[in-house]
1. Treat every Asp and Glu Cβ in the chain as -1 and every Lys and Arg Cβ as +1, leave all other atoms uncharged, and give the resulting dipole magnitude about the Cα centre to the nearest 20 debye.
2. Can you sort F9, F21 by 1.4 Å-probe accessible area, starting with the largest?
3. Run the quick spin-label model on R131 and N13: label points 7 Å from Cα toward the beta carbon, then report their separation in nm to one decimal.
4. Roughly how big is segment 81-132's charge dipole about its Cα centre, with Cβ charges of +1 (Lys, Arg) and -1 (Asp, Glu), in debye to the nearest 20?
5. Name the shape class, rounded, prolate or oblate, that the alpha-carbon gyration tensor gives for segment 47-90, where a ≥ b ≥ c are the square roots of its eigenvalues, rounded holds for a/c under 1.5, and otherwise prolate holds if a/b is larger than b/c and oblate otherwise.
6. Given Cα pairs under 8 Å that are at least 6 residues apart, what percent is the relative contact order of segment 1-51?
7. How would you order 33-41, 47-55 from highest to lowest mean count of nearby Cβ atoms within 10 Å?
8. Give the cross-link partners of K2 among the aspartates and glutamates, using a straight C-alpha distance below 17 Å as the criterion and excluding same-chain residues fewer than 8 apart.
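The values are calculated or read from the model by the stated rules, or taken from the named source; none is laboratory data. Remember, it's a predicted structure, so these values are computed and weren't measured experimentally. Counting neighbours? That spans all protein chains shown, and the Cβs are built from the backbone with ideal geometry, glycine included. These area figures cover heavy atoms from the full protein model, side chains too; ligands, DNA and RNA do not enter into them. Shrake-Rupley method; radii C 1.70, N 1.55, O 1.52, S 1.80 Å.
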Amino acid sequence: MKKLLLQIFTWWNGQTIGTRFHTWRNGQRVGEDEFGNVYYQGGQDSEGRTRRWVIYNGPAEASAIPPGWHGWMHHRTDISPADEKYTAREWQEPHRPNPTGTPNAYRPKGSLASAGLRPRVTGDYDAWTPRS
């Protein structure tokens, strides 16, 4: 029941009820990535291309789509990563979603969001107080 209510009233927790119906009617499953996101295609858009969409495993976050699937989603290639035999080079790091806004976000030394105190610098000044 909770899942149904989330699909009706929210769009950021996976698929909506409309997306579920559209996928059921028109979707052809193409593949799944290492994060559990499922990719579909079916129907035609206004330019005559095949429509492509993703159903996220968790919150709808576009940076959670790996580079290979991103290229397929945006019609840069017609071959999906599920059909392609790609091996990453040794210098390539595995994809990870953008951590901005999470506890894993990058916080450089001296940032107001980082833990600890900012180091004292030459541009700092001591504010005047009465009787000092």
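1. Working: 17 positive and 13 negative charges, 97 e Å.
Using only the charged Cβ atoms, the result is roughly 460 debye.
2. Values: F9 155, F21 115 Å².
Order by accessible area, largest first: F9, F21.
3. About 5.9 nm separates the two model spin labels.
4. Dipole magnitude for segment 81-132 comes out near 340 debye.
5. Numbers: a/c = 2.20, a/b = 1.08, b/c = 2.03.
Since a/c reaches 1.5 but b/c is at least a/b, the shape of segment 47-90 is classed as oblate.
6. Numbers: 45 pairs, mean separation 10.0, N = 51.
Taking the mean separation of contacting Cα pairs over the length of segment 1-51, I get 20 percent.
7. Values: 33-41: 16.3, 47-55: 14.0.
Peptide ranking by packing, descending: 33-41, 47-55.
8. List returned: none.
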